[in-house]
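Here is the structure we will look at.
All of the numbers you see were taken from the coordinates with simple rules; none came from a lab. This one's a predicted model, so the numbers in the text were calculated from it and none came from an experiment. Positions of Cβ are backbone-derived with ideal geometry, glycine not excepted, and every protein chain shown enters the neighbour counts.
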Amino acid sequence: MIDMVCRHYQELDALVQEAKKRTEEGKVADYIPALAESEQDSLSVTIYHAENTCLTAGDADRTFTLQSISKVLSLALVLMDYGKEKVFSCVGQEPTGDPLRV
């Protein structure tokens with residue numbers, strides 16, 4: 001296993017702290033129990049580099065539930081492996097812009 005070195009990056013942390021001010025503008029979804037238990041102001045970012053290092057800022061030590069955002073990560077991986085044409089010939093895409101729960 002490769003050791004990952006994570007560093008706390010002050011400039012990145014300043015951006016996360018600024019973004020955290022806007023978390024009160026939204027509302028945590030309460031129709032999924034795991035989300036209902038989430039802290040609304042919890043926000044973090046971690047950026048991994050190919051050189052086995054990473055930058056982290058915010059509440060990166062908190063555990064959280066991925067829910068539907070995991071679909072974005074899966075899509076990114078298959079797009080990198082197979083390309084846009086191949087992927088979207090197998091699955092549809094519909095950029096409606098509508099909220100999840102209308």
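General remarks:
- Note on VAL45/LYS84: beta-carbon distance plugged into 1/(1 + (r/R0)^6) with R0 of 35 Å gives a FRET efficiency of 0.85.
- For the stretch 74-91, putting each phi into the Karplus relation 6.51 cos²θ - 1.76 cosθ + 1.60 with θ = phi - 60° gives couplings of 4, 4, 4, 5, 5, 5, 5, 6, 10, x, 4, 4, 5, 4, 7, 7, 9, 10 Hz, in residue order, rounded to whole numbers and with x for Gly and Pro.
- In order along the stretch 31-48, phi translates into HN-Hα couplings of 7, 10, x, 5, 6, 4, 7, 6, 8, 4, 8, 7, 8, 8, 8, 9, 10, 9 Hz, rounded to whole numbers, per the Karplus curve 6.51 cos²θ - 1.76 cosθ + 1.60 with θ = phi - 60° and x for Gly and Pro.
- Applied to the stretch 58-65, the Karplus parametrisation 6.51 cos²θ - 1.76 cosθ + 1.60 on θ = phi - 60° returns per-residue 3J(HN,Hα) values of x, 8, 5, 8, 8, 7, 9, 9 Hz, with x for Gly and Pro.
- For the stretch 53-98, the spherically averaged projection of the C-alpha convex hull amounts to 5.4 nm².
- Share of Cα-Cα pairs in the stretch 15-102 lying beyond 23 Å, as whole percent: 43 percent
- The overall shape of the stretch 1-62 is oblate: from the C-alpha gyration tensor, with semi-axes ordered a ≥ b ≥ c, the ratio a/c is 1.5 or greater and a/b is no larger than b/c.
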